[in-house]
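Asker: This structure is in C-alpha cells; I'll ask about it shortly.
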Amino acid sequence: MSQLSYTRHGDIAVATVNNPPVNALSLGVRQGLMQAIDASHADDSVRALVIIGGGSTFVAGADINDFGKPYEEPSLYAIIDALMASPKPVIAAIHGTAFGGGLELALACQWRIASPDAQIGQPEVKLGLMPGGGGTQWWPRLAGPAVALEVATSGNPVAARQAHEWGVIDRIADGKLLEDALAMAQDVVSGALPARRLSESTDKIRDVDPALFDEFRKKNARKWKGQLAPWKIVDCVEAACRLSFDEGFRMEKDAFRECEHSHQSRALIHLFFAERAAGKLSDVTAAPMPVASIGVVGAGTMGAGIAMSFANAGLPVTLLDTSEEGLARGMKTITGNYATSVSRGSMPQARADAALARITATTDDAALAEADLIVEAVFEDMAIKQSVFRRLDAVAKPGAILATNTSTLDVDAIAAVTSRPESVLGLHFFSPANVMRLLEVVRGPRTGAATLATAMAVARKLRKIAVVSGNAYGFIGNRILAAYGREADFLLEEGATPWQIDRVLTEFGFPMGLFAMRDMAGLDVIWRIRQQENLTRPADERYSPIADRICEMGRFGQKTGRGYYLYDGRTPIPDPEIENLIVGVSAELGIARRDIPDAEILQRLLSAMANEGAHILEEGVALRAGDIDVVYVNGYGFPATRGGPMWWAREVGPDAHSFSHPPTTTGSAQDA
C-alpha cells in the first residue's frame, strides 16, 4: 500500500491516500483502496472504514493520462462495487477537492463529511467526458435531477456547504477532519446515524416531470452544438429517474465509453495539456520581479479592459490618457462594465466597488513614475506608439517593465526608442480584455529573461492563459487570421458568398463567421492597415479588392449598419448589393464563378490556418503546435471540441489539403 496507508483508531480503520500532489486515482491508489476495503472486511474487530486524503486534498480525480487506455484492475468500477457491497459502513472524509472519479469514490461511500472549505464537482464535461463512476445516478438521488443536470453539464465546482444543503455532503466538520470523521463513524456503528442504502433511495427521483429534461436540452441546445458529452449526461440523469440504479449505471458506463473515444474528448484533453505546456519556457530560468503597481496608457475600450483586468486581480492601477474627456469616457466604460457584472450576478457589489477603487485616472505622465509595469494601449500606429514609449522611458523608474498591447507591430522597433530594450515586450490582450482569457506575450530579440519571467507571472496572477510568441508580424493569432482571411476572400472571388462561408464556419463550431466578425470589429480599422501595406505589397502578389470596395462605399460594418451584411440592430442580413459587387469583382479579374461545395470551403479555410501555423513553427515564432491551438481556441473562436487548427490537421491528415484555388495576379491580409 505504498500510495495508501492503512491504520487503526480503535475499532475504526482509516485508509489514507498518499499520491501527491492531488492524490489522483492511479493504479497504485486503486490497489491500495481495494486492499484496505478487503482488510476491513476480513478483520472482525473493525466496525467501519474511513477514507481520507493525505496532504492538501482528498482525491482530486482520475489520472487524465489514463483516459482512452485499457482499464487496469482494480478499476474504479471494481472499487465502487466493493464499497456499495460493503457489509461495514464506509465514511469519506473530504478536504481540498473531490472531483470526477474522486467524488464518485466518495459518493459510493455510505456517508460523507467535509471540511468547510472543501469543493466537490463533476468537471468531466470540460474534457469532452461525463461522469463514469455513477455520478449521474448518485446526484439525482441525493440532490434531485435539476441540481444533477446543472452540476454535471456545467462541470463547475460546488462548495461543501452548498453540497451539504443539497444533501450530497452529510456533515460539515467543525474541528479536525479526521477526528470528526472518526466521531461520525462511531455515530454510524452505534446506530445514532441509521444504516442506509442510497442506491435504493427514490425520494428525489419519484414522479419527475419529463418536461424538465426536454426544457433543459432546449435551453442549452445552442451552447452544446457539436458536443456529445452534455447530451449524454442529460440522458443518463433522466434514466436515473426511471430505471434502477444498476440499470442506470450500466447506461452511464456505455455513454462514458462513447465519450471517452470521441474526437471531442481527444481534442479537449489535448488542449488541457497544451494550456499547461504553454506557460513553460525551458530557456528562461530567471526569477520574476515583484509587480505591485500598474500603469495603463490609453483609456479607450482596450485600455479600460486592461485596467479592469489588473484591478480585478487586486493590483492598484493608474490609468493615463491625454485628455480629461478621454479619461471620463474610459472610467464611464469601466463603471458600466462593473455595474453589468453586478446586475448579472457574476460579481458581488463589494468586490466590484473594491476593484473600481483600485483604479486612479490621470493625465499626468509623472503619475506613472512608481509603476512596476506599464502597459500601452493606444492607437495601432508605429509613430504614435514610439512617441508614447519615449515619454514612458523618461518617467518610469529603473527596472520598470514597459509593455505594448500592439496586435501586429514590431515590438523591437518600439523598444528601440527607449534606453531599456531589455525591459520591453508585447502583452497582446484580447477584447474585451477583462473577459478574454488569452494573452499573447511577445518576446522581442532584446527582451530580457527576467522581463519575460515577470510577464508570465503577471499573466498567472491575472488568471490569463499566456502564450509566448516571437516578434513577427501579427505574432501567432493575427498572422493566421490574415492567412485564412485571404483564403476566404479568394473563395468569394471564385463563387462563394459571405453568408455561405460564415454558415460553414458556424456549423463547424465557430461562434461567429469571419465576415460577421469583420463587420463587428469595424471594416475601417482593417482598411487603414491594408492601405499602409499596399505601399510595399509586391505587384505580383494575389490581392482581393473586395474588402476595399466595400469600405469605399462607406460600409464599415455594424457601426454604420452596413458592411458585408445589412444590420437590423446587431442581426446580420445578407445583402444582394454585396453579392452583386463580388460578382463584378470576379468578372474584372477574369475568374469564372462556380458553386463551391461547403466541404471545400471548410477544408480550404482550415488548411490555410494549419499551413500558416506550420510556417510559424518553422520560423520559431511559436514554440509548439499546441501553443497555436491554445491561441486559436481561446482568442479566435476555434471550437475547443475540434482542438485547434494544428490538432485538426493532425486528426484529418494530409488529404485535407487537396483543394486548390486558381492563381490570379493579385492578395494580402484583409484581417490583422
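The values are calculated or read from the model by the stated rules, or taken from the named source; none is laboratory data. In this text, all values refer to a predicted model and were calculated from it rather than measured experimentally. A quick note on method: Cβ atoms are made from the backbone with ideal geometry, for glycine too, and the neighbour counts reach across all protein chains shown.
Asker: Report, ordered by the first and then the second residue, all pairs with beta carbons closer than 7 Å, sequence separation of six or more or different chains, a first member in region 223-238 that is of a type in the set (Asp, Glu), and a second member that is surrounded by fewer than 24 Cβ atoms within 10 Å (Cβ to Cβ) and at pLDDT 95 or above.
Answerer: Going by the 7 Å Cβ cut-off, the qualifying pairs are ASP235/ALA255; GLU238/PHE213.
Asker: In region 90-108, is there at least one residue being β-branched (Val, Ile, Thr), at pLDDT 95 or above and within 31 Å of the chain's Cα centre (by Cα)?
Answerer: There is at least one residue in region 90-108 that is β-branched (Val, Ile, Thr), at pLDDT 95 or above and within 31 Å of the chain's Cα centre (by Cα).
Asker: Would you please name the residue that is surrounded by the most Cβ atoms within 10 Å (Cβ to Cβ), looking only at residues in region 136-186 that are more than 19 Å from ILE91 (Cβ to Cβ) and touching a Leu at 6+ places or on another chain (Cβ under 7 Å)?
Answerer: Among those residues, the one meeting the criterion is PRO145.
Asker: To continue, here is another question. Every residue in region 149-182 that is at positive phi and under 29 Å from the mean Cα position of the chain (by Cα), please.
Answerer: Kept after step one, since they are at positive phi, are these residues of region 149-182: 155, 167.
Scanning region 149-182 gives a single hit, GLY155.
Asker: Looking at region 205-241 only, could you name the residues that are of a type in the set (Gly, Ala, Ser), buried (at least 18 other Cβ atoms within 10 Å of the Cβ) and more than 22 Å from ALA640 (Cβ to Cβ)?
Answerer: ALA239, ALA240
Asker: Under the condition of being of a type in the set (Phe, Trp, Tyr) and touching an Asp or Glu at 6+ places or on another chain (Cβ under 6 Å), which residue from region 539-564 is farthest from GLU487 (Cα to Cα)? Write out each step before concluding.
Answerer: From region 539-564, those of a type in the set (Phe, Trp, Tyr) are 543, 556, 564; that's our starting set.
Next, from what is left, pick out any that are touching an Asp or Glu at 6+ places or on another chain (Cβ under 6 Å): 556, 564.
Details: PHE556: 21, TYR564: 16 Å.
So, considering only residues that are of a type in the set (Phe, Trp, Tyr) and touching an Asp or Glu at 6+ places or on another chain (Cβ under 6 Å), the one farthest from GLU487 (Cα to Cα) is PHE556.
Asker: Next question, about the same structure. In this structure, is SER544 buried (at least 17 other Cβ atoms within 10 Å of the Cβ), within 28 Å of the chain's Cα centre (by Cα) and under 24 Å from HIS615 (Cα atoms)?
Answerer: Working: buried (at least 17 other Cβ atoms within 10 Å of the Cβ): yes; within 28 Å of the chain's Cα centre (by Cα): no; under 24 Å from HIS615 (Cα atoms): yes.
For SER544, the condition - buried (at least 17 other Cβ atoms within 10 Å of the Cβ), within 28 Å of the chain's Cα centre (by Cα) and under 24 Å from HIS615 (Cα atoms) - is not met.
The rows are residues; the columns are (1) crowded, with 21+ Cβ neighbours inside 10 Å; (2) acidic (Asp, Glu); (3) not assigned by TED's automatic domain parsing to the domain that holds ARG594.
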residue	(1), (2), (3)
ALA450	no, no, yes
ALA455	yes, no, yes
VAL458	yes, no, yes
LYS464	yes, no, yes
GLU487	yes, yes, no
PHE508	no, no, no
GLY513	yes, no, no
ALA516	yes, no, no
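Asker: Is it the case that some residue within region 394-411 is at positive phi and either crowded, with 22+ Cβ neighbours inside 10 Å or modelled with pLDDT under 95 (or both)? Explain how you work it out, then say what you get.
Answerer: Step one: list which residues in region 394-411 are at positive phi, which gives 399.
Those left that are additionally either crowded, with 22+ Cβ neighbours inside 10 Å or modelled with pLDDT under 95 (or both): none.
No: region 394-411 contains no residue that is at positive phi and either crowded, with 22+ Cβ neighbours inside 10 Å or modelled with pLDDT under 95 (or both).
Asker: While we're looking at this one, here's another question. Give SER265, SER190, SER244, SER201 a once-over and let me know the one that is out of contact with any strand residue (DSSP E or B) (no Cβ under 7 Å at 6 or more places or on another chain), crowded, with 19+ Cβ neighbours inside 10 Å and among the hydroxyl-bearing types (Ser, Thr, Tyr). Even if it seems obvious, please write down each step before you answer.
Answerer: On the way: SER190 fails: crowded, with 19+ Cβ neighbours inside 10 Å; SER244 fails: crowded, with 19+ Cβ neighbours inside 10 Å; SER201 fails: crowded, with 19+ Cβ neighbours inside 10 Å.
Just a single option satisfies the conditions, and that option is SER265.
Asker: Examine region 371-379 for a residue that is part of a helix (DSSP H, G or I) and over 26 Å from the mean Cα position of the chain (by Cα), and state whether such a residue exists.
Answerer: Just the residues of region 371-379 that are part of a helix (DSSP H, G or I), to begin with: none.
Taking every residue of region 371-379 in turn, none turns out to be part of a helix (DSSP H, G or I) and over 26 Å from the mean Cα position of the chain (by Cα).
Asker: Can you list the strands (runs of 3 or more DSSP E) lying wholly within region 1-110 that have 3 or more residues being crowded, with 17+ Cβ neighbours inside 10 Å and among the β-branched types (Val, Ile, Thr)?
Answerer: Details: elements: 4-9, 12-17, 48-53, 90-94, 97-99.
Strands (runs of 3 or more DSSP E) meeting the threshold: 12-17, 48-53, 90-94.
Asker: Could you pull out every one of the helices (runs of 4 or more DSSP H) wholly within region 123-190 that has 1 or more residues that are touching a Lys or Arg at 6+ places or on another chain (Cβ under 7 Å) and charged (D, E, K, R)? Break it down into steps so the answer makes sense when it comes.
Answerer: Numbers: elements: 135-143, 145-154, 160-166, 177-190.
Correct list: 135-143.
Asker: Among the listed residues ALA274, ALA286, identify the single one that is buried (at least 21 other Cβ atoms within 10 Å of the Cβ), under 30 Å from ALA625 (Cβ atoms) and not basic (Lys, Arg). Spell out the reasoning first.
Answerer: Details: ALA286 fails: buried (at least 21 other Cβ atoms within 10 Å of the Cβ).
Every option except ALA274 fails the conditions.
Asker: Further, regarding this structure: Any idea which of ASP44, ASP63, ASP81 is closer than 29 Å to ALA267 by Cβ and either among the small types (Gly, Ala, Ser) or out of contact with any strand residue (DSSP E or B) (no Cβ under 8 Å at 6 or more places or on another chain) (or both)?
Answerer: Details: ASP44 fails: closer than 29 Å to ALA267 by Cβ; ASP81 fails: closer than 29 Å to ALA267 by Cβ.
So the residue among ASP44, ASP63, ASP81 that is closer than 29 Å to ALA267 by Cβ and either among the small types (Gly, Ala, Ser) or out of contact with any strand residue (DSSP E or B) (no Cβ under 8 Å at 6 or more places or on another chain) (or both) is ASP63.
Asker: When both residues are 6+ apart or on different chains and their Cβ atoms are under 6 Å apart, which pairs have a first residue that lies in region 411-439 and is in a loop (DSSP other than H, G, I, E, B), and a second that is surrounded by fewer than 16 Cβ atoms within 10 Å (Cβ to Cβ) and at pLDDT 95 or above?
Answerer: VAL417/ARG390
Asker: Taking GLY326, is it at positive phi and either surrounded by 16 or more Cβ atoms within 10 Å (Cβ to Cβ) or not in a helix (DSSP H, G or I) (or both)? Let's see the steps before the verdict.
Answerer: Working: at positive phi: no; either surrounded by 16 or more Cβ atoms within 10 Å (Cβ to Cβ) or not in a helix (DSSP H, G or I) (or both): yes.
So GLY326 does not fit the description; no.
Asker: Taking PHE515, is it under 34 Å from the mean Cα position of the chain (by Cα) and part of a loop (DSSP other than H, G, I, E, B)? Step through it out loud before you land on a result.
Answerer: Numbers: under 34 Å from the mean Cα position of the chain (by Cα): yes; part of a loop (DSSP other than H, G, I, E, B): no.
No, not satisfied.
Asker: Also: Given the criteria surrounded by fewer than 17 Cβ atoms within 10 Å (Cβ to Cβ), of a type in the set (A, V, I, L, M, F, W, C), out of contact with any Ser or Thr (no Cβ under 8 Å at 6 or more places or on another chain) and closer than 28 Å to ALA547 by Cα, does ALA608 qualify?
Answerer: It is false that ALA608 is surrounded by fewer than 17 Cβ atoms within 10 Å (Cβ to Cβ), of a type in the set (A, V, I, L, M, F, W, C), out of contact with any Ser or Thr (no Cβ under 8 Å at 6 or more places or on another chain) and closer than 28 Å to ALA547 by Cα.
Asker: Test GLY522 against the criterion of being surrounded by fewer than 19 Cβ atoms within 10 Å (Cβ to Cβ) and closer than 25 Å to ASN634 by Cα, and give yes or no. Even if it seems obvious, please write down each step before you answer.
Answerer: On the way: surrounded by fewer than 19 Cβ atoms within 10 Å (Cβ to Cβ): yes; closer than 25 Å to ASN634 by Cα: yes.
Here the answer is yes, as GLY522 does meet what is asked.
Asker: Return yes or no: is ASP214 of a type in the set (D, E, K, R) and in a loop (DSSP other than H, G, I, E, B)?
Answerer: Values: of a type in the set (D, E, K, R): yes; in a loop (DSSP other than H, G, I, E, B): no.
When the stated conditions are applied, ASP214 does not pass them.
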